[in-house]
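Chemist: Please see the structure below; I have some questions.
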Amino acid sequence: MKKRPVYLDLPRIRLPLPGWVSILHRVSGALLFLVGIPLLLYGVSASLASPESHAALKAVFAHPVAKLVLVGMLWAYLHHFCAGIRYLLLDVHRGIDLEPARRSSAVVLVLSLALTLVLGARLW
């Protein structure tokens, strides 16, 4: 009888690329829910309250740290969107074999990062 491990050494477990995409999909969804929605509601509220609050909001979003936060939120949205399309295709049994699943997860990562760079450059 084999001895079972007492604990799992999580940093030593090598997660495949589709596993990373799945974890990042969950993280980006939580980030969008916990940070993105309040940030969006605050931005809409402040921009519609008065011309002075709109100018103040513009000044806040002109700061480099705020722009980095916006680029992070942009990545979260784009990754969540691309991974969501991948999961919809998996739900209809497109690309469920090992090699297409790995390829589609690489496409999700590359596409979300490329779109973030392009749109983030416009934001900056």
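The values are calculated or read from the model by the stated rules, or taken from the named source; none is laboratory data. Quantities reported herein were computed from a predicted structural model and do not represent experimental measurements. Quick reminder, even Gly has a Cβ in these numbers, built from the backbone with ideal geometry, and neighbours come from all protein chains shown. Calculation scope for accessible area: heavy atoms of the full protein, side chains included, ligands and nucleic acids excluded. Shrake-Rupley method; radii C 1.70, N 1.55, O 1.52, S 1.80 Å.
Chemist: Show the residue pairs meeting these rules: Cβ distance below 8 Å; 6+ apart or different chains; first residue within the stretch 37-51 and more than 13 Å from Val69 (Cα to Cα); second residue small (Gly, Ala, Ser).
Modeler: Ala46/Ser53; Ala46/Ala56; Ser47/Ser53
Chemist: As an exercise: evaluate Lys58 against (1) within 28 Å of Leu15 (Cα to Cα); (2) open to solvent by 40 Å² or more (accessible area, probe 1.4 Å) and give the number of the one condition it does not meet.
Modeler: (1)
Chemist: Determine which single condition Ala55 fails, assuming it passes every other condition in (1) in contact with a Gly (Cβ under 7 Å, 6 or more places away or on another chain); (2) without any contact (Cβ under 8 Å) to a residue 24 or more places away in the chain.
Modeler: Of (1) in contact with a Gly (Cβ under 7 Å, 6 or more places away or on another chain); (2) without any contact (Cβ under 8 Å) to a residue 24 or more places away in the chain, only one is false for Ala55: (1).
Chemist: Which condition from (1) open to solvent by less than 60 Å² (accessible area, probe 1.4 Å); (2) at pLDDT below 95 is the one that Val21 breaks?
Modeler: With (1) open to solvent by less than 60 Å² (accessible area, probe 1.4 Å); (2) at pLDDT below 95 applied to Val21, the lone miss is (2).
Chemist: Just one of Val69, Val44, Val35 is surrounded by fewer than 13 Cβ atoms within 10 Å (Cβ to Cβ) and either of a type in the set (Asp, Glu) or in a helix (DSSP H, G or I) (or both); which is it?
Modeler: Sole residue among the options that is surrounded by fewer than 13 Cβ atoms within 10 Å (Cβ to Cβ) and either of a type in the set (Asp, Glu) or in a helix (DSSP H, G or I) (or both): Val44.
Chemist: Name the residues in the stretch 22-69 that are touching a His at 6+ places or on another chain (Cβ under 8 Å) and of a type in the set (Gly, Ala, Ser), would you?
Modeler: Matches in the stretch 22-69: Ser28, Gly29, Ala46, Ser47.
Chemist: Would you pick out the residues in the stretch 108-120 that are touching a helix residue (DSSP H, G or I) at 6+ places or on another chain (Cβ under 8 Å) and either open to solvent by 70 Å² or more (accessible area, probe 1.4 Å) or acidic (Asp, Glu) (or both)?
Modeler: Leu111, Leu113, Leu119
Chemist: What's the number of the only condition in (1) touching a Leu at 6+ places or on another chain (Cβ under 7 Å); (2) outside any helix (DSSP H, G or I); (3) charged (D, E, K, R) that Arg14 fails to meet?
Modeler: If we test Arg14 against (1) touching a Leu at 6+ places or on another chain (Cβ under 7 Å); (2) outside any helix (DSSP H, G or I); (3) charged (D, E, K, R), just (1) comes out false.
Chemist: Determine which member of the set Arg103, Arg94, Arg86 is of a type in the set (D, E, K, R) and crowded, with 17+ Cβ neighbours inside 10 Å.
Modeler: Arg86
Chemist: Only one residue in Gly29, Gly72, Gly19 is under 17 Å from Leu113 (Cβ atoms) and small (Gly, Ala, Ser). Which one?
Modeler: Gly72
Chemist: Identify, from the list Leu119, Leu111, Leu89, the residue that is farther than 20 Å from Arg26 by Cβ and either at pLDDT 95 or above or part of a helix (DSSP H, G or I) (or both).
Modeler: Result of the check over Leu119, Leu111, Leu89: Leu119.
Chemist: For the stretch 1-21, which residues satisfy the criterion of being out of contact with any His (no Cβ under 9 Å at 6 or more places or on another chain) and touching a residue at least 24 places away in the same chain (Cβ under 8 Å)?
Modeler: Once the filter is applied, which keeps residues that are out of contact with any His (no Cβ under 9 Å at 6 or more places or on another chain) and touching a residue at least 24 places away in the same chain (Cβ under 8 Å), the stretch 1-21 yields Pro16, Leu17, Pro18, Trp20.
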